[in-house]
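Shown next, in structure tokens, is the structure this report addresses.
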Amino acid sequence: MNFELTGGTAYPMAVIQMNRGDVINIERGAMAYSRNVEIKGRMNSNNRSGLGGLMSAIGRSITSGESMFITQATATDNQAELAVAPSNIGKIQKLSIGVEQYRLNTGAYLASDASVRYNMVRQDIGKAIFAGTGGLFVMETSGNGDLLISSFGDIVELTVEPGQPLTVDNEHVLAWSADLDYHIRIASGMFGFTSGEGIVNEFNGRGTVYVQTRNVRNLAESLQSYLPTGGK
């Protein structure tokens, strides 16, 4: 994927350069502008059609919080241009898919080459109960190409080595190497919520974890006291 980031470091927009016939999948509502690009909406069904595709799209929406639909952009001429912008105030990061595959947290996906696919992978019940990284299912990539993720705040890349587990607050996790073993747990045992940390992800093995520097849930909670309540 040939792109450049514009709009400054705090509010970036990815401007993707395309040639005739190139296809880019983008998150629904992410397009900012385009030139010589045909935009079509389709069901988020991982290329399945008919009733099976509809049920797949509905299932993905229910289990992971994804939209039932995704936008497909096709270049109709050379020197086509597609600009995409995330809904969050944060950064955009490219992941190279192929030699390494990734799992993505809900809301991290922004855009990808048509050659990059993703499937919903079932988590074990222990992880699903906490429902932080996609609930019962998480998104796992396959294929080869480039994928763009977006964050709330900046994006920090952390390396995990064997014997050196990495613990990350669940709300800060964006994406991680699919080969990593991970466990979701309360930060400090039975009384973890009293520390203010809540749920954390512990990663083991060898790979990479991408985290965002801001926490959407904490922002929402900090604003709650300023919002009007019923009858006021």
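The values are calculated or read from the model by the stated rules, or taken from the named source; none is laboratory data. Given the structure is predicted, the values throughout are model-derived calculations rather than measurements. All Cβ positions, glycine included, derive from the backbone under ideal geometry; neighbour counts span all protein chains shown. For the accessible areas, the whole protein counts, side chains as well, though only heavy atoms, and no ligand, DNA or RNA atoms are used. Shrake-Rupley method; radii C 1.70, N 1.55, O 1.52, S 1.80 Å.
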### Query
For the pair Val156 and Ser142, how long in nm is the line joining their label points, each one 7 Å along Cα→Cβ?
3.4
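Carbon and sulfur atoms: what percent of the 1.4 Å accessible area of region 76-124 do they account for? Walk me through the intermediate numbers first.
On the way: 910 of 2190 Å².
Percent of accessible area from carbon and sulfur atoms in region 76-124: 42.
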## Note on the structure
One finds, for Thr167 and Glu100 with R0 = 30 angstrom and r their Cβ-Cβ distance, a FRET efficiency to the nearest 0.05 of 0.90
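For Ala75, what is the net charge nearby, where nearby means another residue's Cβ is under 10 Å from its Cβ and Lys, Arg count +1, Asp, Glu -1?
Cβ neighbours under 10 Å give a net charge of -2.
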### Task
Give the peptides 92-99, 199-206 in descending order of average Cβ contacts within 10 Å, highest first.
199-206, 92-99
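Please compute the net charge surrounding Thr213, taking Lys and Arg as +1 and Asp and Glu as -1 over other residues with Cβ under 13 Å from its Cβ.
Working: positive: Lys91, Arg214; negative: Asp154, Glu157, Asp169, Glu171.
Result for the neighbourhood of Thr213: -2.
For Glu4 and Asn119, what does the FRET efficiency come to when R0 = 30 Å and r is the distance between their Cβ atoms, rounded to the nearest 0.05?
Efficiency, from the Cβ-Cβ distance: 0.50.
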